[in-house]
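Following: one structure in structure tokens, then a few remarks.
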Amino acid sequence: MLHRLRGLGFSARVLEAADGVGGTWYWNRYPGARCDSESYYYCYSFDPELEQEWRWTERYPRQPEILAYLEHVADRFDLRRDIDFGVRVASAVRDDDGWSVTDTDGRVRRCRWLVTAVGCLSAANVPDLPGLADFTGPWHHTGRWPHDGVDVAGKRVGLVGTGSTGIQAVPVLAEAAAHLSVFQRTANYSIPARNAPVSEAEVAATKADYPEIRRVQRESTNGHPFLVADVDALALSDDERDGVYQRAWDRGGLRFRAAVKDLLSDPAVNETASDFIREKIHETVADPATAEALTPRDHYFATKRPPIDTGYFETYNRSDVSLVDVRADPIASVTPDGLRLASGAEHELDVLVFATGFDALTGPLLSIDVRGRDGVALRDAWAEGPRTHLGLGVAGFPDLFTITGPGSPSVLTNMPTAIEQHVDWIADLLVRLRETGETAEPTRAAEDAWAARVQEAADATLLPQAASSWYLGANVPGKPRVFLPFAGGMNHYRRACDDEAAAGYPGFGLR
Ligand code: N01
């Protein structure tokens, strides 16, 4: 956004809470952290020279490599001179002429337009467990991992949470710790990542093919450079269908969910994929009781964000790893020496790791006291769940633009694709506002219509049926249950945004 605004002659300043660039990849330094999207398309597309000069080393980049890439981008485009690091925004208050943005040190900055790029998964969700303050060992949330690492050698480690993060961390922690106890509330599906180094030939082929890769990314439903296969799982024989899933399993990665069509909308189709994965878990995990405890039976595959893994289920065959079912016997409290469950069972631990996710999409925005027209707080406007137009703006909050805000495809896509589309769209609107002197503020009617469309898109899928999904806010106690991202597909979403612009931004009530 900064680069784009500079190129358009705006004066722009970025306020960044961290001491460096990177966002997610600055904070999430937990063992095993790497991206689930493949490196050659989990990157910017706006500059062909940047595409050609950067060389990824692995199919799925590790956190340090992605951070190095983002630092390279910051240096290459000389971005740091317009970024204030170590500045956490406390409030943003609207008046007739613009926004006053106050940081936690009390310094106020003025701007005419305010763009948020606070991330979807940046507000750490640490369970409010009694006794945590008295735990004698170190405890860490994976999204706030210490920069110099955590020494788990010879230690008894407890990890809470088996989402994408937990599933990445478990095999790596198991390797390093004396004993690992995994506290699982909801069993999860996972697909093997099949990570590998990227060969020179693959790099050359990708670089030669970038225009086509980017075209497919832009036109796909999910921002990845592949489309959902036009395969009707129910029309195949059992053997044929197993063959389709086995090939997708062998290739690995998130593309598994694109192996057949209607997987996210037809329960019968989904059940075939869910069953395939359940069987794999039972084939992989030696102890039948542990295998069954690890087998998800309360939600359909990919209705919660599907993890990908390297040796996750295999790790439970180690004698120094144990699975604790905290759905059956919930965590009651933290003791000075570990965790106590509702039954009274005690687990002694030296280190506690919370892979418990985030207050997704709304959490990062609501951690800032945003006040719109007439002093209305965003927190109050969103008391029953977020309401936006296109996930880009909010009625009552003039000249505020939210990159990958709630109601946009964001977390249901490859994030860089979604981010670039928002940046371009916001930049175009800002150029117009600069020219005309108008103000942009979504109308209530546009917001109502978009809320209905977000709900309708979610209801056309199985996604809202996963009761414990963070897509619904279900992971944070007290959070309103509203389906947060737009599930109608990145391609359809892009069209809705383009239509809004082509029609002169009617939903943004320019005046
Ligand atoms: O968080 P999650 P995450 N007691 O919310 C459990 C992205 N990501 O950090 O399911 C016990 O998915 C909770 O249980 P339940 C990706 O989009 C991307 O793993 O709520 N357990 C769940 O098992 C991902 O989806 C990459 O019943 C508790 C886990 O903690 C998103 O980030 C890598 C609990 C949280 O899972 C979030 O993933 C990693 C409690 N009180 C993550 N509270 C990439 O590679 C929560 N849990 C791009």
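The values are calculated or read from the model by the stated rules, or taken from the named source; none is laboratory data. What you are looking at is a predicted structure, and each value in this text was computed from that prediction instead of being measured. A quick note on method: Cβ atoms are made from the backbone with ideal geometry, for glycine too, and the neighbour counts reach across all protein chains shown. Just so you know, the surface numbers come from the protein's heavy atoms only, side chains and all, with ligands and any DNA or RNA stripped out. Shrake-Rupley method; radii C 1.70, N 1.55, O 1.52, S 1.80 Å.
General remarks:
- Just one residue in the set Ile308, Ile331 is open to solvent by less than 20 Å² (accessible area, probe 1.4 Å) and within 16 Å of the ligand (Cβ to nearest atom); that residue is Ile308.
- Taking segment 1-51 as the range and being acidic (Asp, Glu) and closer than 28 Å to Glu175 by Cβ as the test, the residues that pass are Asp36, Glu38.
- Check on Ala446, touching a strand residue (DSSP E or B) at 6+ places or on another chain (Cβ under 7 Å) and surrounded by fewer than 22 Cβ atoms within 10 Å (Cβ to Cβ): yes
- All helices (runs of 4 or more DSSP H) inside segment 297-396 with 1 or more residues being more than 30 Å from Asp250 (Cβ to Cβ) and hydrophobic (A, V, I, L, M, F, W, C): 362-366, 378-381
- Residues considered: Leu159, Leu132. Of these, the only one that is crowded, with 18+ Cβ neighbours inside 10 Å and either out of contact with any Gly (no Cβ under 9 Å at 6 or more places or on another chain) or at pLDDT 95 or above (or both) is Leu159.
- Residues that are in contact with a His (Cβ under 6 Å, 6 or more places away or on another chain) and either in contact (Cβ under 8 Å) with a residue 12 or more places away in the chain or open to solvent by less than 20 Å² (accessible area, probe 1.4 Å) (or both) occur at least once in segment 456-477.
- Residue among Asp287, Asp266 that is more than 30 Å from Leu349 (Cα to Cα) and open to solvent by 30 Å² or more (accessible area, probe 1.4 Å): Asp266
- Residues being in a loop (DSSP other than H, G, I, E, B), more than 18 Å from Thr284 (Cβ to Cβ) and more than 9 Å from the ligand (Cβ to nearest atom) - total across segment 158-192: 1
- Residue in segment 140-147 that is over 27 Å from Gly372 (Cα atoms) and over 28 Å from the mean Cα position of the chain (by Cα) present: no
- Unique residue being assigned to a helix (DSSP H, G or I), over 14 Å from Leu264 (Cα atoms) and either under 18 Å from the mean Cα position of the chain (by Cα) or aliphatic (A, V, I, L, M) (or both) when the list is Ala467, Ala445, Ala458: Ala445
- Considering only residues in segment 135-156 that are of a type in the set (Val, Ile, Thr) and crowded, with 20+ Cβ neighbours inside 10 Å, the one that is nearest to the ligand (Cβ to nearest atom) turns out to be Thr142.
- Selection status of Tyr505, farther than 16 Å from Ser265 by Cβ and hydroxyl-bearing (Ser, Thr, Tyr): yes
- The listed residue being charged (D, E, K, R) and assigned to a helix (DSSP H, G or I), out of Glu438, Glu420: Glu420
- Subset of segment 220-258 (residues that are aliphatic (A, V, I, L, M) and within 22 Å of the chain's Cα centre (by Cα)): Leu227, Val228, Leu254, Ala258
- For segment 193-215, the criterion of being surrounded by 17 or more Cβ atoms within 10 Å (Cβ to Cβ), within 16 Å of the ligand (Cβ to nearest atom) and closer than 25 Å to Asp250 by Cα is satisfied by at least one residue.
- Positions within segment 478-497 being open to solvent by 50 Å² or more (accessible area, probe 1.4 Å) and either touching a helix residue (DSSP H, G or I) at 6+ places or on another chain (Cβ under 9 Å) or not in a loop (DSSP other than H, G, I, E, B) (or both), in sequence order: Arg481, His492, Arg495
- Residues in segment 334-379 that are in contact with a Lys or Arg (Cβ under 7 Å, 6 or more places away or on another chain), among the aliphatic types (A, V, I, L, M) and open to solvent by 40 Å² or more (accessible area, probe 1.4 Å): Leu366 alone.
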